Each structure stands twice: as C-alpha cells, then as structure tokens.
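One structure below.
The values are calculated or read from the model by the stated rules, or taken from the named source; none is laboratory data. Values in this document were obtained by computation on a predicted structure and should not be read as measured data. Here Cβ is always computed from backbone atoms with ideal geometry, including for glycine, and neighbour counts include all displayed protein chains.
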Amino acid sequence: MEPIFKFDTVAQYNALNNHQTFHPLVSVIDFSKANPRSWGGEKTVRINYGMYCIFLKDLKCGDLKYGRNYYDYQEGTLVFVAPGQVMEVETDGQVYQPKGYALVFHPDLIHGTSLANSINDYNFFSYHANEALHLSERERQIVLDCFSKIEYELQQNIDKHSKKLIASNIELFLNYCERFYNRQFITRDNVNKGILERFEELLNSYFSSDKPRNIGLPSVAYFADELHLSANYFGDLIKKETGKSAKEYIHDKIIDVAKNKIFVSDKTVNEIAFELGFKYPQHFSRLFKNETGYTPNEYRSTN
C-alpha cells in the first residue's frame, strides 16, 4: 500500500513548503521557496487534503492520479482539489525542486460568506481525468494577479474586514476559472464533438440492447464512466455543446424511443415502460406527459 501524507491544516502545508503562516485558514504558496523533496524516495504516494487546494504547476513532478484516472496536466496548468479528496502522485523517486504556486484554504475560512453558498457550484473541484485547466499566457497572468491580491491581504494585520476581503478575492479567482473552463470547452471543439458523437452512439447502443431491462434507466454517471470522464465535467461539456443538461439529453432519447415503441407496436404502456428500464410504469407516464403534453395512451390515439 502506498504511504499516505495527510494535510488537514494550512500550517501543516506551509511547514512542508517552508512558508510562514500569516493566517491559520488560508495561504498562497510559492513552491520555489520549498525545500527539495522526494516523498521519502517513494515512487507512488497518496496525499489526502483536508482543504481546498488549487495548484498552478510549473514543473511536472510526476503523474497525478485521482481515483482510477490520470490528470491531463502539463506545465502551467491548474489542478483543483477539494477537502477529503486523495491525490496520487507517481514519480521516479528522485529528489526534485517543486516549482509553481498554490492557493490553499480551509473550509472554515468561507463559513458565513457568499462563497460558502456558491462553492459547490464550481464543478471543477470534482473534475479528474483529462480535465485540468490549461491556461493561456494571459489567463496565467490573471491567476497570478489574483494570488497576489490574496497574498497582499494576508500580509496585513487581521481585522474585521480580512475574512470578507480574502473570501471575495478567492471567489473572484474561482469565477475567472469558470470563465477559463468555458473557453477550454470552446477551443477543444473537435475533442468535444468526438465525445458528443460517442455519447450518441452509447445512447443508441444502450436502448437497442437488453440493458434497460437488466440494468434500468441509464444515468449521467454511467455515460461519463463509459467515456472516462467525471460526471461533472461530462455534464458541463454536454451543456456547453448542446444547451441541454446531460440528463435532459438522456430524457429526450428516452422519449424518442418511447414514441416509436408506442406508435409502431401494440404493446401496453406498462410493457413499454419496463422495456425502457422504468421500475414503475407511472414514472414513465409522468415523464412522457411532462415532455410531450400527452399521456402515452393519448399520444397513441392522436397518432
């Protein structure tokens, strides 16, 4: 079993990276100030963070792994980690000098702020495979400017304004990251279209097989896993490409298949519902009515 390094406090992480702790709940790290390290010579280590961490990597110190999947990251990309996530690092076991920057903040920092209400809306904290944020030079400078503003505030005496100003600057930074991810979805248009085409193929294959009967209705997570993407990244990508959520897209396919079955067969509504993967026929009828304005039987009579 790979050794696990656990960092539950900002002070612990500052100590690892040779940084002074100006605030117990937040820090901006310049990795060039850290001592050279090798994680005890281990070639694979696991790091458990009890904080939100955003890394701007300027040195590829090894392959990063989250769950079963590798991060698609190069020098100069942003990697996001949420509290409780475990990052796996695969290295050559040699001593290296870390380079780059990081923003780390404890969940307690944002309690009572507007950021606490919106933090779960930043889906990129749950992205993993092939999903790191690749920055342009201009975007990189904006990231460093945001880090600089936070660091400036950390070096001031803590007063009643500190928490609000720091949290506001972190929120501004995360909003920029959301914009940059939207740009990445657009600029990776060919890759995205390939994923959308594959999603269509998987949908068609699913409903032309016995999977609906044997497994049930397909979920967003099912297709994301088939495409080796996190559910959040997959959902965001489909939304950007089609204007619909992945769940809406799946529902559209269910209704399309259902219409054909209702129109060309003499099977009962219950039989069709079970063929589509519904456990309860009334759930199928409700969805069909919501999507088409007709019950299945009304649709059959109309056509």
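Residue 180 meets all of the listed conditions (1) in contact with an Asp or Glu (Cβ under 8 Å, 6 or more places away or on another chain); (2) more than 26 Å from residue 225 (Cα to Cα) but one, namely (2). Filtered by the rule that a residue be free of Cβ contacts under 8 Å to residues at least 40 places away in the same chain and either at positive phi or of a type outside the set (Ser, Thr, Tyr) (or both), the stretch 216-245 gives 220, 221, 223, 224, 225, 226, 227, 234, 239, 243, 244.
Scanning the stretch 84-94 for residues that are at pLDDT 80 or above and surrounded by fewer than 18 Cβ atoms within 10 Å (Cβ to Cβ) returns 84, 86. Does residue 294 meet the test of being farther than 30 Å from residue 121 by Cβ, out of contact with any Asp or Glu (no Cβ under 7 Å at 6 or more places or on another chain) and not in a helix (DSSP H, G or I)? Taking the combined requirement at face value, the residue satisfies it. Taken together, the residues in the stretch 244-303 that are over 28 Å from residue 232 (Cα atoms), out of contact with any Ser or Thr (no Cβ under 9 Å at 6 or more places or on another chain) and basic (Lys, Arg) amount to 3. Beta carbons closer than 7 Å, at least 6 apart along the sequence or on distinct chains, pair a first residue in the stretch 100-128 that is in the same structural domain as residue 8 (by TED's automatic domain parsing) with a second that is buried (at least 20 other Cβ atoms within 10 Å of the Cβ) and of a type in the set (Asp, Glu) for 123/236.
Scanning the stretch 136-159 for residues that are touching a residue at least 60 places away in the same chain (Cβ under 8 Å) and either touching a helix residue (DSSP H, G or I) at 6+ places or on another chain (Cβ under 9 Å) or acidic (Asp, Glu) (or both) yields a count of 5.
Do we find a residue being surrounded by fewer than 16 Cβ atoms within 10 Å (Cβ to Cβ) and either at pLDDT below 90 or in contact with a Pro (Cβ under 6 Å, 6 or more places away or on another chain) (or both) anywhere in the stretch 100-109? Outline the logic, then answer.
Taking the stretch 100-109 first, the residues surrounded by fewer than 16 Cβ atoms within 10 Å (Cβ to Cβ) are 107-108.
Those still in the list that are either at pLDDT below 90 or in contact with a Pro (Cβ under 6 Å, 6 or more places away or on another chain) (or both) too: 107.
Checking the stretch 100-109: at least one residue is surrounded by fewer than 16 Cβ atoms within 10 Å (Cβ to Cβ) and either at pLDDT below 90 or in contact with a Pro (Cβ under 6 Å, 6 or more places away or on another chain) (or both).
Screening residue 202 on (1) without any contact (Cβ under 8 Å) to a residue 24 or more places away in the chain; (2) touching a helix residue (DSSP H, G or I) at 6+ places or on another chain (Cβ under 9 Å); (3) surrounded by fewer than 18 Cβ atoms within 10 Å (Cβ to Cβ) shows it passes everything except condition (1). Could you tell me whether any residue of the stretch 232-247 is more than 30 Å from residue 184 (Cα to Cα), under 29 Å from the mean Cα position of the chain (by Cα) and surrounded by 15 or more Cβ atoms within 10 Å (Cβ to Cβ)? Within the stretch 232-247 (the criterion being more than 30 Å from residue 184 (Cα to Cα), under 29 Å from the mean Cα position of the chain (by Cα) and surrounded by 15 or more Cβ atoms within 10 Å (Cβ to Cβ)), the answer is no, since none of the residues qualifies.
When the stretch 257-274 is limited to residues that are without any contact (Cβ under 8 Å) to a residue 12 or more places away in the chain and surrounded by 13 or more Cβ atoms within 10 Å (Cβ to Cβ), the one that is nearest to residue 213 (Cα to Cα) turns out to be 271.
Residues that are at pLDDT below 95 and either at positive phi or of a type in the set (Ser, Thr, Tyr) (or both): does the stretch 132-148 have at least one? Yes, the stretch 132-148 has at least one match.
Selection of strands (runs of 3 or more DSSP E) fully inside the stretch 1-54 by the criterion of at least 2 residues being farther than 27 Å from residue 159 by Cα and either among the hydrophobic types (A, V, I, L, M, F, W, C) or in contact with a strand residue (DSSP E or B) (Cβ under 9 Å, 6 or more places away or on another chain) (or both) returns 4-7, 44-49.
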